[in-house]
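Visitor: Quick one: this structure, given as structure tokens, is what I'll be asking you about.
The values are calculated or read from the model by the stated rules, or taken from the named source; none is laboratory data. Just so it is clear, the structure is predicted and the values come from calculations on it, not from any experiment. Cβ: placed from backbone, ideal geometry, glycine included. Neighbour counts: every protein chain shown.
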Ligand SMILES: [Zn+2]
């Protein structure tokens, strides 16, 4: 399901075309306020993940599989725990940054359950958090080191901050109403990704009986190979 080159060959769907239940859960295009009262527009374009097997097999980057970003438990809405399930397309941008973070940290980076994409219906979704955009990850372990002390969290927060101004981290103790705070939170803010295959030339409303989706184009390397093969002398 992937060319191993950073882009999953998954179907991209406009969430306005999904059924009523899914639209109600994913709330495409709706505005949500963050804790400072700033408004952010929820993503509209999602990868459709048809099965657990596909989630397991799809690589977003060399070291990150799609499955790692959609691991949820009962805190997620029941429908969204089933397949097909949906994840905002910006998740692949997050994976790219996490791949750089992994290299800078010098060890494998492990995302917690409920620590990747969380839908607006997820029990931990209070106000706009980048988790609802698929652009945040809660990392609970790096290599064999469990991130449960202030020192460790500050150390890896610094690694993330040194890596790019695009990466935002939260101090230890940022999880309100939670008994434990044992992870490094990194996010890219409220990025929404509109795949190039998608045309935006219509109003933001459901199109009755006209589902719109696209398959992502094959990436450069794969295209190049197929051109080379086609132009090889017989
Ligand atoms: Zn987080």
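Visitor: Given the criterion surrounded by fewer than 17 Cβ atoms within 10 Å (Cβ to Cβ), at pLDDT below 95, closer than 25 Å to residue 45 by Cβ and within 13 Å of the ligand (Cβ to nearest atom), identify the matching residue among 189, 127.
Guide: Details: 189 fails: at pLDDT below 95.
Of the residues listed, the single one that is surrounded by fewer than 17 Cβ atoms within 10 Å (Cβ to Cβ), at pLDDT below 95, closer than 25 Å to residue 45 by Cβ and within 13 Å of the ligand (Cβ to nearest atom) is 127.
Visitor: Name the single residue, out of those in region 89-124 being within 15 Å of the ligand (Cβ to nearest atom) and not in a loop (DSSP other than H, G, I, E, B), that is nearest to the chain's Cα centre (by Cα).
Guide: Result: 91.
Visitor: Being surrounded by fewer than 23 Cβ atoms within 10 Å (Cβ to Cβ) and touching a residue at least 12 places away in the same chain (Cβ under 8 Å) is the filter here, so list the residues in region 91-105 that pass it.
Guide: Initial filter on region 91-105 (surrounded by fewer than 23 Cβ atoms within 10 Å (Cβ to Cβ)): 93, 96-97, 99-105.
Within region 91-105, 93, 96, 97, 99, 100, 101, 102, 104, 105 qualify.
Visitor: Here's a follow-up. Can you pull out the strands (runs of 3 or more DSSP E) entirely within region 25-69 that have at least 1 residues that are under 17 Å from the mean Cα position of the chain (by Cα) and in the same structural domain as residue 120 (by TED's automatic domain parsing)?
Guide: Values: elements: 31-33, 39-41, 45-49.
Answer list for region 25-69: 39-41, 45-49.
Visitor: Follow-up. Kindly evaluate residue 21 against the criterion of being modelled with pLDDT of 95 or more, part of a loop (DSSP other than H, G, I, E, B) and under 21 Å from residue 123 (Cα atoms). Break it down stepwise before answering.
Guide: Details: modelled with pLDDT of 95 or more: yes; part of a loop (DSSP other than H, G, I, E, B): no; under 21 Å from residue 123 (Cα atoms): yes.
For residue 21, the condition - modelled with pLDDT of 95 or more, part of a loop (DSSP other than H, G, I, E, B) and under 21 Å from residue 123 (Cα atoms) - is not met.
Visitor: If I filter region 132-155 down to residues being without any contact (Cβ under 8 Å) to a residue 60 or more places away in the chain and buried (at least 22 other Cβ atoms within 10 Å of the Cβ), which single residue comes out as nearest to the chain's Cα centre (by Cα)?
Guide: 135
Visitor: On to the next question. Looking only at region 130-178, count how many residues are part of a helix (DSSP H, G or I), closer than 30 Å to residue 47 by Cα and more than 13 Å from the ligand (Cβ to nearest atom).
Guide: The qualifying residues number 4.
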